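The values are calculated or read from the model by the stated rules, or taken from the named source; none is laboratory data. As the structure is a computational prediction, the values presented were derived from the model and not from experiment. In case anyone asks, the SASA skips ligands and DNA or RNA and just uses the protein heavy atoms, side chains included. Shrake-Rupley method; radii C 1.70, N 1.55, O 1.52, S 1.80 Å.
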Amino acid sequence: MSNYAKNARSEIQNDEQTLVTHNRLIRLPEVMNRVGLKRSTIYQRMRDGRFPRARSLGLKCAVWVEAEIEDWIRSVEAM
């Protein structure tokens with residue numbers, strides 16, 4: 001296999017891993033850990049439209065799209 005083919009294969013695998021990572025659904029403890037905010041602050045900012053909305057997977061199961069959380073972190077860093 002040529003170096004070009006190896007590099008192309010590596011780039012495709014990296015792109016696939018990025019897509020998989022950013023399409024994950026994450027639960028509140030992981031969101032809190034990543035953004036450094038407590039539960040009450042996250043929910044208050046959601047109500048104010050200043051934080052990504054959670055999705056409900058059931059009566060007691062809220063999740064966030066990882067890509068939306070990452071975008072929010074980048075937007076806060078850019079301020």
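How much length is gained on full extension from Arg34 to Leu57, taking 0.36 nm per residue of separation minus their Cα-Cα distance? Don't skip to the end; give the middle numbers.
Details: separation 23, 0.36 × 23 = 8.28 nm, distance 2.09 nm.
Stretched out fully, the Arg34 to Leu57 stretch lengthens by 6.2 nm.
What order do Val35, Val63 take when sorted by accessible area (1.4 Å probe), most exposed first?
Descending order: Val35, Val63.
Heavy atoms only, 1.4 Å probe, whole protein assembly: order Trp72, Trp64 by accessible area, highest first.
So, going from the largest accessible area down, we get Trp72, Trp64.
Give me the accessible area of Arg39, 1.4 Å probe, in Å² rounded to the nearest 10.
Approximately 140 Å² for this residue.
Ranked from the most accessible area to the least, with a 1.4 Å probe and all protein chains present, what is the order of Met79, Met46, Met32? Don't jump to the answer; show the numbers that get you there.
Details: Met79 185, Met46 20, Met32 55 Å².
Putting Met79, Met46, Met32 in descending order of accessible area: Met79, Met32, Met46.
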